[in-house]
1. Condition first: under 17 Å from LEU83 (Cβ atoms) and not basic (Lys, Arg). Now tell me which residues in the stretch 191-215 satisfy that.
2. Return the pair list, or none, for Cβ contacts closer than 7 Å from residues in the stretch 236-253 that are over 23 Å from VAL96 (Cα atoms) to residues that are in a helix (DSSP H, G or I), at least 6 apart or on different chains.
3. I'm trying to understand the selection: among the residues of the stretch 159-193, which are part of a helix (DSSP H, G or I), farther than 22 Å from ALA222 by Cα and hydrophobic (A, V, I, L, M, F, W, C)?
4. Any idea how many residues of the stretch 151-166 are over 19 Å from the mean Cα position of the chain (by Cα) and under 13 Å from PHE198 (Cα atoms)?
5. The conditions are (1) surrounded by 24 or more Cβ atoms within 10 Å (Cβ to Cβ); (2) touching a Phe, Trp or Tyr at 6+ places or on another chain (Cβ under 9 Å), and GLY462 fails exactly one of them. Which is it?
6. Condition (residue is in a helix (DSSP H, G or I) and crowded, with 18+ Cβ neighbours inside 10 Å) applied to the stretch 75-88: is it met by at least one residue?
7. Only one of these is charged (D, E, K, R) and in contact with a strand residue (DSSP E or B) (Cβ under 8 Å, 6 or more places away or on another chain): GLU449, GLU528. Name it.
8. Please work out which residue is farthest from the chain's Cα centre (by Cα), limiting yourself to the stretch 36-63 and to residues that are modelled with pLDDT of 90 or more and of a type outside the set (A, V, I, L, M, F, W, C).
Amino acid sequence: MSGFDVLTRGEVLHAALQARDYLVDCGVPAALAAKDPRLWGRRSVDHSRLGWLDLPTASRGLLDQIDGLVAEARYSGLDHIVLIGVGAETYAAQAVMEAHAAHTPALTGGSPGGSPGGAASGGALTVLDGGDTAALATALERLDRTLVVLSSKAGVSLEGDAYRRVFAAAFRDHGLSDREIAGRFLVITDHGSPLHDFARQCGYRIGLTDPYLPGHFGALSAYGLVPAVLAGADAHRLLDEAAALAPALAGHDDNPGLLLGAILGGSAQQGEGGLARDKVVLREPGGSGALTAWIAQLLAVGTGKRGRGVLAFEPPGVPRGCPDAHGIALNPRAATSEDADTSVWAPLGAQFLLWEYATAVAGWLLGVNPFEPGGTSVQEAEDDAAALLRAAAGGRLPGGDPVLVDGDIEIHTALPFRTDIGLEAVVAALLDRVPGTGYLSVETYLSGEFSGRYLAPALARGALRPVGYGHGPGHLHATGPVHKDGPGTGAFLIVTGDPAPGDALADLPVPGRSYGLGRLRTARGLAEERALRRRGLPVVRLHLRDPAAGVERLAEAVRAVTATDPSGAAGPEDTGKA
């Protein structure tokens, strides 16, 4: 695909055209073309924060710089790239590899990208962000071929530190010297960041990025490109695709980025009926992939501020006829999609630039600065998780006593519910607390592959509201700003669990720390629960003492509570297995 286009219809079209005319009258397209930071206030945005507009050209120099590193890696037999990061730093690279796998299916060796937000294997790239341990097991079996990329704009996350220590110890056990171990790590970070200083002390290879470039606008920077190029993707084609779109973004006529931004921002404002369509349902032809996850985090961080924000969902979690949601189809195969109000056609490089431009425009319409990082909410939860681990000092995490134990499931919540009924009652109580314009978010902190996706269709019918889901901590790290600093209309189900029996890596000790990977996952879930409660949001945390049995029991409870729709008819998915 070489072209790009945005088409919309119905009520969304009316709101979008009004918003686009307003944007043109206010000179927004011209100001963006000139990279004028005064769009967001005289002092709120530095000119360099708009450097993402130049990346289709500027990043070509980056590719020239890493040619030598790629050649050296191939000469050394390092063709398996392990990418350690959380959120924006990993989704873009995953999306690039998924597109690469689609163009070169013979090279995939299996699934082209796995599940965004968890651990994924696709081609020669494995992403580790604290989710499923299956990919970690695969990576540790490929140590002879592995180069580890640690990617973070600031300091290393708790998961990044843990995985770095695990791989350093594994390389040492494999017989590598300290110098050889240092050569197996590449750090991508901002110039002058704490991670920059740490990597220099360790003797790691370092790729530096512009500290003024917003991380969620960095898909075409080193964060998105370098891991994918090392894994074999063609980033030159990606930049060509983005560069082909750039001229269309310079004006206001036939500007697809301006129209998409008007659709997002115009719909998210209150309409004549007082309803804001601030939720989008992203649809990809082959099912949701890393591009969907990347767009979701871009919108969440870019617009989730000051009580506003656009939140993205995947189709399994959205009930029919949701009035404040509109569907957006990404590269649909047909000219129109019955399930979508808007269709966006563009190859991946153009998709990156198009959505970044549209998010900037939508932020302006909503009166928020889209280039600010996600406030303190993300760092707050990480700091709290670290404090919980320190307080435990190898003992029990201070998570508080459950209000009820149903079988092997501990129930932690401040919501009132009938304790004589148990798990079904607490599920029903949480669904009742989802606001009429709100949503439910399911976050899983488990070592296995279980995802809230399995529960989403039934929960959506039970709540009659959209349901989002993802693996922790990646999903809440990426979308946390809109949950915590946005409209404040979410309800949350957090699922933690003991290490799965038979999974040798489920609670693998972290070298030099007093905890293992399982305790780290649980601490992350506890910290997110505490952060959400502090904001007065309804939250239930379920801790599964036996993850396999607990998952079945939870699915059974959800089916029991949501077995009938409002008319009393059983839903088809309700009888399926999780």
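The values are calculated or read from the model by the stated rules, or taken from the named source; none is laboratory data. In this text, all values refer to a predicted model and were calculated from it rather than measured experimentally. A quick note on method: Cβ atoms are made from the backbone with ideal geometry, for glycine too, and the neighbour counts reach across all protein chains shown.
1. LEU195, ALA199, TYR204, ILE206, GLY207, THR209, GLY215
2. Pairs that qualify, where the first residue is over 23 Å from VAL96 (Cα atoms) and the partner is in a helix (DSSP H, G or I), are ALA250/ALA33; GLY251/PRO29; HIS252/VAL24; HIS252/PRO29; HIS252/LEU258.
3. Selection gives ALA162, VAL166, PHE167, ALA168, ALA169, ALA170, PHE171, ILE181.
4. 2
5. Unmet condition: (2).
6. yes
7. The unique qualifying residue is GLU528.
8. GLY61
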